[in-house]
1. Which of the residues that make up the range 96-151 are among the aromatic types (Phe, Trp, Tyr) and touching a residue at least 40 places away in the same chain (Cβ under 8 Å)?
2. Sort out which residues of the range 53-95 are surrounded by fewer than 22 Cβ atoms within 10 Å (Cβ to Cβ) and among the aliphatic types (A, V, I, L, M), and write them in order of number.
3. Considering each residue of the range 270-298, count those that are assigned to a loop (DSSP other than H, G, I, E, B) and within 16 Å of ligand 1 (Cβ to nearest atom), and give that number.
4. Which condition number in (1) more than 24 Å from Phe464 (Cα to Cα); (2) open to solvent by 30 Å² or more (accessible area, probe 1.4 Å) is the one that Lys415 fails?
5. Considering only the range 308-328, state which residues are more than 13 Å from ligand 2 (Cβ to nearest atom) and touching a Leu at 6+ places or on another chain (Cβ under 9 Å).
6. Would you confirm whether any residue within the range 365-381 is within 21 Å of the chain's Cα centre (by Cα) and touching a residue at least 60 places away in the same chain (Cβ under 8 Å)?
7. Show the residue pairs that are 6+ apart or on different chains and have beta-carbon atoms under 8 Å apart, the first residue being within the range 237-254 and without any contact (Cβ under 8 Å) to a residue 40 or more places away in the chain, the second being within 12 Å of ligand 1 (Cβ to nearest atom) and of a type outside the set (Asp, Glu).
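The values are calculated or read from the model by the stated rules, or taken from the named source; none is laboratory data. Since the model is a prediction, treat every value here as computed from it, not as a measurement. Cβ: placed from backbone, ideal geometry, glycine included. Neighbour counts: every protein chain shown. Remember, those area values only see protein heavy atoms, side chains included, never the ligands or the DNA or RNA. Shrake-Rupley method; radii C 1.70, N 1.55, O 1.52, S 1.80 Å.
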Amino acid sequence: MVVPYKHEPFTDFSIEENRNALESAIKQVEAELGKEYPLIIGGERIMTDDKIKVVNPANKKEVIGYVAKANQDLAEKAHKIADETFDWWRKTKAQFRADILFRAAAIIRRRKHEFTAHLVKEGGKPWKEADADTAEAIDFMEYYGRQMLTIDKGVEVNSRPIENNRFHYIPLGVGVVISPWNFLFAIMAGTTTAAMVSGNTVLLKPASSTPIIAYKMMEVLEDAGLPAGVINYIPGSGKEVGDYLVDHPRTRFISFTGSREVGTRIFERAAKVHPGQQWLKRTIIEMGGKDTIVVDKDADLELAADAITYSAFGFSGQKCSACSRVVAHEAIYDDLLNRVTAKTKEEVSHGDPSDNASYMGPVIDQGAYDKIMSYIEIGKQEGKLMAGGKGDASKGWFVEPTVIADLAPDARVMKEEIFGPVVGFTKASSFDEAIEIANNTEYGLTGAVLTKNRAHIEQAREDFHVGNLYFNRGCTAAIVGYHPFGGFNMSGTDSKAGGPDYLLQHMQGKTTSEML
Ligand SMILES: NC(=O)c1ccc[n+]([C@@H]2O[C@H](COP(=O)([O-])OP(=O)(O)OC[C@H]3O[C@@H](n4cnc5c(N)ncnc54)[C@H](O)[C@@H]3O)[C@@H](O)[C@H]2O)c1
Ligand SMILES: N[C@@H](CCC=O)C(=O)O
């Protein structure tokens, strides 16, 4: 029997002992920088000449490590091994697979600060954000392990007196898991272990800017008893290896988290049936967001300003859930804007995240920096710059927390995903209009409404069309098992990571009926 699921508590860094523990873990990580990491295919470590250079986004000169890079031949080798392994892995007991996750979660929990310190360096995450990323990785393992044990019991169906009917779920086959860099541990671990615990074998292609944490997870899973060949670690170019694996006729499903551009490309390619392919590929695709906080005229404005500031600038706005637009009732617009602007200037410091004093760290790379800075220029034309607006890419990729006011609801910075520390403000003359504006993008991931009006809460519950809607709080920080996470429209397939149905998307239902 396992104890009931409870989410992993966050570390309180106001306690000196915890601060000291993370500081020494960061020093430990610094002492081990620059190592080389091989691919893992069928348990075999394979080093390639061509390597991915992984740098600290807060300090480009600091090389976190060099990671072997898979090409199509190695991807094919990994695919073959995953396919062969599936033959016997699919028949393993759910308890055996879940126990691997429970042991892995326990290992990570014991070495929590070591992983968090690594995320500070590889992902440029401030302490609080890195700690939450580690906690969420643990949560996914604990939650999906338990969920698999429940699914394994099967579902009751009716039988007539002359028959014995059963209905249960079986795994799909070889899955390609493609993960993003922003929740470099949690999303990578959650998507990979969900596929594995439900009885599939996996080809894991992590994001090229953050592949090392995935190697570290592989080591943990091996220590926890994961047999060779079940998960194969094959970082590589998205276009070269990604396309090859997506197109492969023996790929049974693809679990992707990332941008709308790549997600829709995968969706299209996966739909094509290739010679020799025996099934229609399943896709689990979670993409971007343009997430709105609506502030009503009677809202608690201090609460709203806090919610907006953290949702917009936590991890430099690099969350698919980040608040990148505020729709405020005209009666409180100026007051709210002034409060958010003041908080941004006074409270949102930015600097090297190795220092716990930094509220915000860098953005991930030069491409992200250039994109965000170009949107800030567009925003300056479209609205009024209230805070921030500058960047500095001399040492790491740093962008100031930026507030842009008086934007039209259809301004580009109000409709396109920027994925950086930029929040735009627009005014609505009524709550109806505010909800209409909130729904005016092609996305539908998260949103929040701050109001004391019960009727408006119920109206938003029905009409604000997002997968994760929050009331009187910010729009980020979903917790596994408490806030199943996934979006509508161009935010994805609404797979609801960390929710009760998530694993079923990696499985297929089988009915057996025996005549008596
Ligand atoms: N909805 C969610 O749950 C969620 C969570 C995190 C991030 N995101 C979104 O992810 C984006 C940021 O992440 P990103 O920059 O890593 O996204 P990205 O789409 O650039 O990359 C995601 C992954 O896809 C790979 N890839 C690139 N080209 C590919 C191809 N042709 N075939 C297969 N794989 C390919 C990349 O190497 C990476 O591993 C944002 O849009 C953000 O909103 C969404
Ligand atoms: N699940 C995270 C967002 C994941 C995407 O980046 C949140 O709820 O903030």
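1. Phe102, Phe115, Trp127, Phe140, Tyr143, Tyr144
2. Across the range 53-95, the qualifying residues are Val55, Val63, Leu74, Ile81, Ala94.
3. 7
4. (1)
5. Passing the criteria: Ile308, Arg325, Val326, Ala328.
6. Yes, some residue in the range 365-381 is within 21 Å of the chain's Cα centre (by Cα) and touching a residue at least 60 places away in the same chain (Cβ under 8 Å).
7. Asp243/Arg269; Asp247/Arg269
Results for (1) in contact (Cβ under 8 Å) with a residue 24 or more places away in the chain; (2) within 30 Å of Phe398 (Cα to Cα), shown as yes or no for each residue.
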residue	(1), (2)
Gly43	yes, no
Asp49	no, no
Val54	yes, yes
Gly65	yes, yes
Ala68	yes, yes
Gln72	yes, no
Ala82	yes, no
Thr85	yes, no
